[in-house]
1. Tally the residues that are farther than 11 Å from A:THR92 by Cα, more than 7 Å from every other protein chain (Cβ to nearest Cβ) and polar (S, T, N, Q), restricting the search to the stretch A:52-80.
2. Against the conditions (1) within 23 Å of A:GLY52 (Cα to Cα); (2) surrounded by fewer than 16 Cβ atoms within 10 Å (Cβ to Cβ), where does B:VAL157 fall short? Just the number, please.
3. If A:LEU49 satisfies all but one of (1) in contact (Cβ under 8 Å) with a residue 24 or more places away in the chain; (2) within 14 Å of chain B (Cβ to nearest Cβ), what's the number of the condition it fails?
4. Considering only residues that are among the acidic types (Asp, Glu) and more than 13 Å from A:GLU144 (Cα to Cα), which ones fall in the stretch A:71-121?
5. Would you please name the residue that is modelled with the lowest pLDDT, looking only at residues in the stretch A:1-52 that are under 12 Å from the mean Cα position of the chain (by Cα) and of a type in the set (Asp, Glu)?
6. Quick one: how many residues across the stretch A:118-140 are surrounded by 15 or more Cβ atoms within 10 Å (Cβ to Cβ), in contact with a strand residue (DSSP E or B) (Cβ under 7 Å, 6 or more places away or on another chain) and under 16 Å from A:SER87 (Cα atoms)?
7. Given the criterion under 28 Å from B:SER56 (Cα atoms) and under 17 Å from the mean Cα position of the chain (by Cα), identify the matching residue among B:PRO121, B:PRO142.
8. If I ask for residues that are of a type outside the set (A, V, I, L, M, F, W, C) and either under 17 Å from B:GLU144 (Cβ atoms) or touching a His at 6+ places or on another chain (Cβ under 7 Å) (or both), which ones from the stretch B:43-58 would you list?
There are 2 protein chains.
Amino acid sequence: MSDQRGFTVWFTGLSGSGKSTIAEMLYHELNARHMKVEILDGDIVRQNLSKGLGFSKEDRDTNILRIGFVAELLTRNGVATICCPISPYKATRDAVRAQIRAFVEVYVHATLEELANNRDPKGLYKKAIAGEITGFTGVDDPYEAPEDPELVVDTMVETPEESLAKVLAKLAELRYIEDAMPIVEGPKVHSGLTDLRVTDAGHVAEGR
Amino acid sequence: MSDQRGFTVWFTGLSGSGKSTIAEMLYHELNARHMKVEILDGDIVRQNLSKGLGFSKEDRDTNILRIGFVAELLTRNGVATICCPISPYKATRDAVRAQIRAFVEVYVHATLEELANNRDPKGLYKKAIAGEITGFTGVDDPYEAPEDPELVVDTMVETPEESLAKVLAKLAELRYIEDAMPIVEGPKVHSGLTDLRVTDAGHVAEGR
């Protein structure tokens, strides 16, 4: 598909909410449509754009704006760009939205209780709640939910396939893709790219 | 021109050698060919990718690798990408070359004497030579000239138009463009994007 219209799908939500799972499934769907597509996530961003940044609000914002800068460069050159950093601050997400314009914000919702009780394989939420690690978004660091995102997916009640279908339907509605029907078959495995890890300093080092 | 083949033109050379002048002229030429083209330079990079980096070898390398990361993303999506950081270290340029592959290194040559005596409107070379500012590439900080670049332009003996013509001829030879004949007319003004400035700490803050 040449001369495709670029856009950015920006997944925001708490760690473990399912952002990167849905983002990767979307990546494969767009790839299967022979679109130009890039995913800016996890290790890629940490290694290449945000090395040296910490977990202050300023550093988190710098990280998000840097991802937004690259997403905008790709978007204006016709690339379907997928980003899934936690991006906890509304004003920062809105700054990226204003810059990119062709911006589809997807709020990936799951409650803190759900995440801490049922999706905490490394025990990071439990450690954060116990105060053993700090700077954990949703526990001792803020998460500002989107007020007017293009889409909300609720991974408490939807399967990943159902959430993906909603994202594809929204992209078709916005005329970024032609066919909303999922076409990738077989298991859609989470690559682990965005798995949480804890730094030496006791911070959580997911995408912020 | 849809489905164009992406490539990166990487200008390296001392401050004041003429990198950004030729880079901007090239940008306009590729634009006039209706190609997708981006220039990663000066203020753009400083504001969006390298805020907080200093002038140690490690920080300079991080800056170059970060520009290279973005250039590679654009290149693999079919964008003609122009970069013109000083990029003084050969190994770092070679790392970027290995990553991007469709990489056209242009060494923009002018001697230190020429730059200090004739192209030093802000007196930065003179200050560096006098030891009043530090970390100045080519004076008290190393510049490793390319050993086997795709092209050398010598701005001591060539006009900017002549250097540009050589760049276009090389791109045509490499089949990245079809027509090497310059098509942009009228004055080609240096925008000042990459003008040198001195930081509060007495360092020079061009593209490194």
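The values are calculated or read from the model by the stated rules, or taken from the named source; none is laboratory data. This one's a predicted model, so the numbers in the text were calculated from it and none came from an experiment. Every residue, glycine among them, receives a Cβ derived from its backbone with ideal geometry; neighbour counts consider all protein chains shown.
1. 2
2. Condition not satisfied by B:VAL157: (1).
3. Checking A:LEU49 against (1) in contact (Cβ under 8 Å) with a residue 24 or more places away in the chain; (2) within 14 Å of chain B (Cβ to nearest Cβ), the one that fails is (1).
4. Taking the stretch A:71-121 first, the residues among the acidic types (Asp, Glu) are A:72, A:94, A:105, A:113-114, A:120.
The answer is A:GLU72, A:GLU105, A:GLU113, A:GLU114, A:ASP120.
5. By that ranking, first place goes to A:ASP41.
6. 2
7. Working: B:PRO121 fails: under 17 Å from the mean Cα position of the chain (by Cα).
Answer to the check: B:PRO142.
8. Let us first name the residues in the stretch B:43-58 that are of a type outside the set (A, V, I, L, M, F, W, C), namely B:43, B:46-48, B:50-52, B:54, B:56-58.
Result: B:SER56, B:LYS57, B:GLU58.
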